[in-house]
Amino acid sequence: MSDEIIYRLAEHASILADWTDAADRSQRVSVDALRNILEALGYACDTQKRAEDSLGALAAVGPSRQPGFVTCDVGTPITLNVEEDHGRLVYEDGTRQDVRLQHNEPNQAILAPIAQPGYHVIELGDRALTLAVAPQRCFTLADAAQGEKLWGLAVQLYGLPRKGDDGIGDTAALALLARSSATNGADAVAISPTHALFAARPDMFSPYAPSNRLLLNPLLADPGSVFERPDIEAAAQIFSAEAPQAERLIDWPRAAKQKMALLRKLFEVFSSRPDNDALVRDFAGFRQAGGKLLESHARFEAIHAEIAAQDPFNADWRTWPAEFSAPDARAVADCAAAHARDVTFHIFLQWLADRAFGAAQFAARDAGMRLGLIADLAVGMAPGGSYTWAYRQDVLSGLTVGAPPDLFNAHGQNWGLTTFSPTGLAERDFRPFIDTLRAAMRHAGGIRIDHILGLNRLWVVPEGQGAGEGAYLSYPFRDLLRLVRLESTRARAIVIGEDLGTVPPGFRSILSESGIAGLDVLWFSRDKDGFADPRQWRHDAVAMTTTHDLPTIAGWWCGADIAFRAKHGLLSNERGEEADRAADRTGLWRAIIEAEVATAPPPSEEEASTVVDDAIAFVASSAAPLVLLPLEDLLGLEEQPNVPGTIDTHPNWRRRYPIAASGIFEAPNVAARVRALNQRRRA
């Protein structure tokens, strides 16, 4: 079989066989890697004949086919592959208008621009097309800030302590922090992902590997947001052991077991309420509105609990008994009926979580924040989770996503996650993507899209193989961008795109045109002379000192991150890294002085607190419309929440902050840093 046909097939399947890496070097994907990816996408190519048949089938689906869902821009003529010369436009608000279409060539018509954003329908004879008409830009930081420079905190919600939180940070702690942050001048609290995980496997606690991105993690919900104190106290009487909230690291299995026991008891109390009770009616309405998505997730959780009781380490429906592998199977319905109360309990958990996060956002906005919560939308989901179980036609199968080898990771990354399939999105009129955006924006004034590069292309890897065996798969970038703009405007929610990594040429400019803010992180914000003056950073990006995957200021200055990675064999050249860090410390301090933040000689490696103060003031001087300061840096901590490439050697996603949410701003060093933040942002 010739290599040429594999490369041609890859091109038609939107796989980029040729690409440019982070060092600006041209790369070509091997034929074997392309063949494995094509097979996973459903394009048989193990023989010349099958490859030719796959190529013919792809070529037959040409541009002449008119999909039933079209994205377009406000004020721009709309090209449709239709024969009709007239139709009826039905606006989202129900208004109807007869329209004429102009034909420039056979089977292609031009519809005059539509000025009103929304999901409209054009009726053409006996068929109808949905037109998603997007505004030119998102609801932006400029819209929210009205000319002022804002700041906020970035917080790992699970690690935010409060008295009586059962060992896991929750929405009550979040509301406390939001109120105190607003009092001290903040306008936002960006939080780690809150997606639904696996209730039966509390040891799978990475917020970036969810079971379902459209639903919530009930372990993060405060029952006090919904229930009165007597109900909660009645449920809490089941506990006699000492609560684990004083521990510095979360013992997820232990804490989850205690929290779930409380929630189960609370469910029993709730179930005794009469049908005409206000909360019972609210719950019933929530269940009805949740439809198939909510019901299938609850069934998944109930079945998973049964299977995990026999096999505690089973967390993937693809290894379940065959009768449970399809959500519409008779055995699934029978099991759901036999465990109807458990199914209802998991719906109860989602209802409670939804109302709790709504209460936290209300508290933030009520305290005066212009944005309030900024939710984090993970790039993908676990291949064996509840979403893929119920909607497997939406997602990639046999492929996981990651990142190619780059300057920071010579071997690349395979995150072990799946995500939407480009063809699956098109076949479902982009409904999965729209629903995911709406879920993220539901109780937030903004969202951060993790690895926003994935709207354009994603590095996909055959499941079980190394990242080096992957390739870029193209996505319908313009369609996805339009939907982001439309949903952002409807929700009045800002959009931040994590645009770090191997960025295609022109990508950031396109995001900027759409009103999506990029991300400028101190460690990467450099020019030819070293660390760039923050006053020259992007005017359309969010500025940060660091992220959850990178060293804190204190940890970076004292080299704690290098020492940790050296200890666990994650460095290829320890001496080289230490030498580079020494030069970088000198360069950062020089930049801090040139930015008129400090005048003294550089502190020693042991004097990290001074560097934390000045680095925060340095980043606060940024031209960015919003500065998000990780709580780790506000508190001057050395440890970072996550070290990529580690599983058990580092306590990823387990650290608790050393100060309760209610007392963070009372610490003298915190108060001083906040004063500097406010002064620099106002200046």
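All of the numbers you see were taken from the coordinates with simple rules; none came from a lab. Just so it is clear, the model here is predicted, and its values are computed rather than measured. As a convention, Cβ positions derive from the backbone with ideal geometry for all residues, glycine included, and neighbour counts pool all protein chains shown.
Around Ala566, what is the net charge, scoring Lys/Arg as +1 and Asp/Glu as -1 over all other residues with Cβ under 14 Å from its Cβ? Residues near Ala566 contribute -1 overall.
Neighbour counts of other Cβ atoms within 10 Å put Val503, Val226 in the fewest-to-most order Val503, Val226. Of the peptides 660-666, 616-622, 478-484, the ranking by mean beta-carbon count within 10 Å, highest at the top, reads 616-622, 478-484, 660-666.
What is the percent of Cα-Cα separations in the chain that go past 38 Å?
When every Cα pair of the chain is considered, 39 percent fall beyond 38 Å.
Lys and Arg at +1, Asp and Glu at -1: add these up for the other residues within a Cβ distance under 11 Å of Val269 and post the number. For residues surrounding Val269, the net value is -1. With a cut-off of 9 Å between beta carbons, the residues surrounding Ala375 carry a summed charge of +1, where Lys and Arg count +1 and Asp and Glu -1. Restricting the range 526-599 to trypsin sites (Lys or Arg not before Pro) that sit in a DSSP loop and have at most 13 other Cβ atoms within 10 Å of their own Cβ leaves Lys528. In straight-distance terms, cross-link reach from Lys259 covers every one of the lysines whose alpha-carbon lies under 20 Å from its own, apart from those fewer than eight places away in the same chain; here that gives Lys163.
Applying 1/(1 + (r/R0)^6) with r as the Cβ-Cβ distance of Glu513 and Gln116 and R0 = 30 angstrom yields a FRET efficiency of 0.90.
Given H placed 1.01 Å from N in the peptide plane, which residues other than close sequence neighbours of Gly416 have an amide H under 5 Å from its amide H? The list, which skips near neighbours in sequence, is Val401.
If N is the number of residues in the range 603-683, what value comes out of its Cα radius of gyration divided by 2.2 N^0.38 Å?
Dividing the Cα Rg of the range 603-683 by 2.2 N^0.38 Å gives 1.23.
One equal scatterer on each Cα of the range 90-210, no solvent, Debye formula: the resulting log10 I(q)/I(0) at q = 0.18 Å⁻¹ is -0.99. Model label sites at Arg25 and Asp46, defined 7 Å from Cα along the beta-carbon direction, differ in position by 3.4 nm. Annotation: average projected area of the range 6-132 is 11.3 square nanometres, based on the convex hull of Cα atoms across all directions. Each residue of the range 206-213 was assigned a 3J(HN,Hα) from its phi angle through the Karplus expression (A = 6.51, B = -1.76, C = 1.60, θ = phi - 60°), giving 5, x, 9, 10, x, 7, 7, 7 Hz with x at Gly and Pro. Global dimensions of the range 297-433 from alpha-carbon coordinates: Rg and Dmax equal 18.6, 54 Å. Taking 0.36 nm per residue of separation and subtracting the Cα-Cα distance, full extension of the segment from Ala128 to Lys292 would add 56.6 nm.
Phi angles of the range 20-28 translate, via the Karplus equation with coefficients 6.51, -1.76, 1.60 and θ = phi - 60°, into HN-Hα couplings of 10, 7, 5, 8, 6, 9, 6, 10, 10 Hz per residue; Gly and Pro are given as x. Taking the alpha-carbon centroid of each part, what is the distance from the range 3-17 to the range 445-470 in angstrom? Between the Cα centre of the range 3-17 and that of the range 445-470, the gap is 20 Å. May I ask you to derive the FRET efficiency for Arg264 and Arg490 from their Cβ-Cβ distance with R0 = 35 Å, giving the value to the nearest 0.05? It comes out at approximately 0.40. Gain on full extension, evaluated as 0.36 nm per residue between Ser2 and Thr610 minus their Cα-Cα distance, stands at 212.6 nm. Applying the Kirkwood pairwise sum to the alpha-carbon positions of the range 130-198 produces a hydrodynamic radius of 14.6 angstrom.
Under a model in which nothing but the beta-carbon of Lys, Arg (+1) and Asp, Glu (-1) is charged, the chain shows a dipole of about 1220 debye around its Cα centre. Taking every Cα-Cα distance in the range 378-431 and sorting them into 10 Å bins from zero, the calculated P(r) comes out as 25, 45, 23, 8 percent. Counting only Cα atoms, the size of the range 536-683 along its three principal axes is 45, 37, 32 Å, in decreasing order.
At 222 nm, what helix-only mean residue ellipticity would the chain give, in deg cm²/dmol to the nearest 500, using -39500 (n - 2.57) for each DSSP H run of four or more? Don't skip to the answer; put the middle values down first.
Numbers: 21 runs with 259 residues, N = 683.
Helix-only estimate at 222 nm: -12000 deg cm²/dmol.
Size estimate for the range 292-356 follows the Kirkwood approach: the inverse of mean 1/r over distinct Cα pairs works out to 12.2 Å.
Annotation for the range 535-625: GluC sites (Glu not before Pro) lying in DSSP loop with at most 14 further Cβ atoms inside 10 Å of their Cβ are Glu596, Glu605, Glu606, Glu607. Put simply, the C-alpha atoms of the range 183-310 give a gyration tensor, and the ellipsoid matching it has half-axes of 23, 21, 20 Å, longest first. With all pairs of different C-alpha atoms in the average, the Kirkwood value for the hydrodynamic radius of the range 75-134 is 11.5 Å. Loop-located GluC sites (Glu not before Pro) across the range 215-317 with a Cβ neighbour count of 13 or fewer within 10 Å are Glu228, Glu242, with loop assigned by DSSP. Normalised by residue count, the range 3-60 yields a Cα convex hull volume of 75 Å³ per residue.
The length gained on full extension between Ala337 and Ala322, counted as 0.36 nm times the residue separation minus their Cα-Cα distance, comes to 3.6 nm.
The smallest convex shape that holds all Cα atoms of the range 585-647, its convex hull, gives 120 Å³ per residue. The rule of thumb for compact globular proteins, 2.2 N^0.38 Å, goes into the C-alpha radius of gyration of the range 483-591 1.30 times.
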